[in-house]
1. For the structure I just gave you, tell me whether residue 44 is buried (at least 20 other Cβ atoms within 10 Å of the Cβ), under 24 Å from residue 131 (Cβ atoms) and modelled with pLDDT under 95.
2. With respect to residue 84, determine if the residue is modelled with pLDDT under 90, farther than 30 Å from residue 237 by Cβ and surrounded by fewer than 20 Cβ atoms within 10 Å (Cβ to Cβ).
3. I'd like the full set of residues that are more than 16 Å from the chain's Cα centre (by Cα) and either charged (D, E, K, R) or outside any loop (DSSP other than H, G, I, E, B) (or both), limited to the stretch 143-154.
4. Can you list the helices (runs of 4 or more DSSP H) lying wholly within the stretch 318-437 that have 1 or more residues being out of contact with any strand residue (DSSP E or B) (no Cβ under 6 Å at 6 or more places or on another chain), of a type in the set (Val, Ile, Thr) and closer than 30 Å to residue 149 by Cα?
5. Please return the ranges of helices (runs of 4 or more DSSP H) entirely within the stretch 159-274 where 2 or more residues are in contact with a helix residue (DSSP H, G or I) (Cβ under 7 Å, 6 or more places away or on another chain) and at pLDDT below 65.
6. What pairs come out if I take residues in the stretch 385-404 that are more than 27 Å from residue 319 (Cβ to Cβ) and pair them with residues that are surrounded by 11 or more Cβ atoms within 10 Å (Cβ to Cβ) whose C-beta lies under 6 Å away, six or more apart or interchain?
7. Filter the stretch 401-418 for residues that are within 15 Å of the chain's Cα centre (by Cα) and among the polar types (S, T, N, Q); which is surrounded by the most Cβ atoms within 10 Å (Cβ to Cβ)?
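The values are calculated or read from the model by the stated rules, or taken from the named source; none is laboratory data. It should be emphasised that the depicted structure is a prediction, and the values quoted were computed from it without experimental measurement. Neighbour counts are summed over all protein chains in view; Cβ atoms, including those assigned to glycine, are modelled from backbone coordinates with ideal geometry.
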Amino acid sequence: MMGNKAIEPKLYLSFSLDAAVPTNHLVRRLAAAVNFEFVRGLVRRHYSHTGQPSVDPVVLFKLWLLGYLFNITSERRLCEEAGLNLAWRWFLGYELDEPIPDHSVLSKSRRRFGTKVYEQFFARIVQLCEQAGLVKGDVLFVDSTLTQANASSQGLRSRSLLQQTLQRPSEFVDGLWAVNDEADASAQPEISTKPDSRRTGVNHLSVSPVDPDAQMFKKPGKTPLLSHKTHFVVDGGKPNIITAVEVTGSCEPDGRPVGKLLDKHRAALGRPARELVADKGYGSVAAITACTERDVRPLLGRGPVQNVFGGFTRDAFTYLPERDLYICPAGQELKRFRHKPDPRGAIGYRPKAGTCRHCSLRAQCVSGARDRTVLRLQGAELVEEMRARARTPRSRRLMAQRQIVSERINADAKDKHGMARAQFRGRPKMQIQALLTAAVINLKQLAARRPQLQSGMATAGLRVPDRASTTLLRCLLRLGGALRAAISLPRSNWHQNRVFQLRTC
């Protein structure tokens, strides 16, 4: 009968943390592919040269990467797991008898660093991917995904009531002793009734008190979601490296941050992209103009032109740029009657008064007693040029490829790296989460294509040789083996041996 065997303490114990980590573990490939010593340069201004030693910022960033890499959204649980996982200890450079930093250090450091440090960290990861030959930078795919806010939609409150903040007790007492009505009036907080142009509908009336940056977004046929919107710009190369990230309100138009995303891509790689591919959510005139101003050829989807009153759409009218007028299906001329664009940036065209009254196509063109009016947006020529280019076979292939690549990146970010729900509250912290998630996705591709393994502690900071040095070293090793094999042969057989051929190099 087997019983519980008592564990006897050992006087001497020999244990190697490096030997306990499997040779094919992801953290080994990650440590071999990236030297994280550049982190100290990014955060140097946030540390003082005096005082007690602090936690190494390289360890902090490695902890954050481990959390998003293995989909651990709680920093308290992250630090507990780091103390138990031998591979994580090896990656962080902590021996078995060394305590892992407390989770509070992560939150304090995040507030101290700010979003700018994480932007620089992500840009550095993109540059490392480019140096490894993983980034082409010519064709970019962009798409957005919704992330549920770290707040309940049941806790929405009236925006106007929340703006009426209560006075402090000392201010209330001072107001009781005041005898001047003007002084009493000045002590009251000013209530702003100006509507917020960034929010419409329910977001204008209500807001979450715990996360004011989150917005209620409703898709047709689905439940409204209190969320943030994250835009990922993905390179068109085979590894699909993410080159730019931007978080906006979930109700903001997709085309609004296009210019900022292209600027981030250019700042990271040092060169502009050649073409941007996106769905019809990004197909606004503002987005097309932003691409044109940056010498980027847009290939953005555009929804069909509709006439809310039924009948002929704007595409049925022929525009003559040399005369700046439209020709209707009946052959009548529609001239500009509004010389200044309206708030939407549109210019109106209509025929001479009474022209449509006796037209045979009136029932198919206009409703009511007025003449037909056609609106032309500023930049319409760019839209027409893009639509003509979108009909080519190459453009159709790019649009189909964009759907596959972007959907896969968004699905991986949500299912594998914690982007389904916001880890923190507020748009700046949501931006940090999106940047670290994108950095993790890029690092996985970089580690998969730089399989050199590393022994010893990961903090040793080994520099990975470039491709030319690796090829030269491989040739020298093969040459040495060939020489050893040739020396062992008789001298008469040297001319028959092919070990000196370096074709394999």
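1. Taking the combined requirement at face value, the residue does not satisfy it.
2. no
3. Across the stretch 143-154, the qualifying residues are 153, 154.
4. 393-415
5. 169-177, 181-187
6. Correct list of pairs: 398/277; 402/141; 402/277.
7. 406
Residue-wise test of (1) modelled with pLDDT of 80 or more; (2) small (Gly, Ala, Ser); (3) closer than 25 Å to residue 285 by Cβ.
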position: 318; (1), (2), (3): yes, no, yes
position: 326; (1), (2), (3): yes, no, yes
position: 343; (1), (2), (3): no, no, yes
position: 354; (1), (2), (3): yes, yes, no
